[in-house]
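Derivation of every value follows stated rules applied to the coordinates shown; laboratory data play no part. Please read these numbers as outputs of a predicted model, since none were measured by experiment. Neighbour counts are summed over all protein chains in view; Cβ atoms, including those assigned to glycine, are modelled from backbone coordinates with ideal geometry.
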């Protein structure tokens, strides 16, 4: 009986803690949270800002020599697709696209690296602002593309962390041991 009382007390305590972190209850809220947690809000996994923090241009352009993309190439790919789909969402002209996804993975020099990271941060912020400002009808009509942007971001941020682990530049205290 005493054990049961302790279990009930612990579960109520845990339930109370869980209630402090409110999950979104609307489609807009869920999609916005997905964009934020792949950008700069650390929850279940490492967001882009943490994955890229402290990375030099040399580290960003490093490859293991087996034909896989560098971190810089992953970032330019994310930047292209986040900007392209954001323009689509806003009804603006989209950047030219050759139809070959390989063209979205480009290299950057040391001068371009910092600017490329800033641009990715800006476009991710713009996505969040656009979703926040959109009405429910626009969100419903665009839910699939917004969700794909979030999952695409999570996928490639995971690759960035993995590449950093392989090259030995990942600080495990930032997450993903």
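Anyone know which of 36, 167, 73 comes out most mobile in the 10 Å Cα GNM of the chain? With Cα springs under 10 Å in the chain, the top fluctuation among 36, 167, 73 is at 167. In the chain, the calculated helix contribution to ellipticity at 222 nm averages -22500 deg cm²/dmol per residue, counting -39,500 (n - 2.57) for every DSSP H run with n ≥ 4.
Put in order of Cβ neighbour count within 10 Å, fewest first, the listed residues 139, 146 become 139, 146. Taking each residue as 0.36 nm, the span from residue 141 to residue 125 lengthens on full extension beyond its C-alpha to C-alpha distance by 3.7 nm.
Pick from 87, 72, 154 the residue whose mean-square fluctuation is largest in a GNM of the chain, springs joining Cα atoms under 10 Å. Highest fluctuation of the listed residues: 87.
Note on the chain: GNM, Cα springs under 10 Å; of 29, 54, 67, the largest mean-square fluctuation is that of 67.
Full extension of the chain segment joining residue 43 with residue 100 gains 17.2 nm, where the gain is 0.36 nm per residue of separation less the Cα-Cα distance.
If R0 is taken as 22 Å, the Cβ-Cβ distance between residue 172 and residue 66 corresponds to a FRET efficiency of 0.40. For the range 24-171, the Kirkwood estimate of the hydrodynamic radius, built from every pair of different alpha carbons, is 15.8 Å.
Tell me, how many Å apart are the Cα centres for the range 52-81 and for the range 131-147? Taking the Cα centre of the range 131-147 as reference, the centre of the range 52-81 is 30 Å away.
For the range 97-153, the calculated P(r) over all alpha carbon pairs, in 5 Å bins from 0 to the bin holding the longest distance, is 4, 15, 16, 21, 19, 13, 8, 3, 1 percent.
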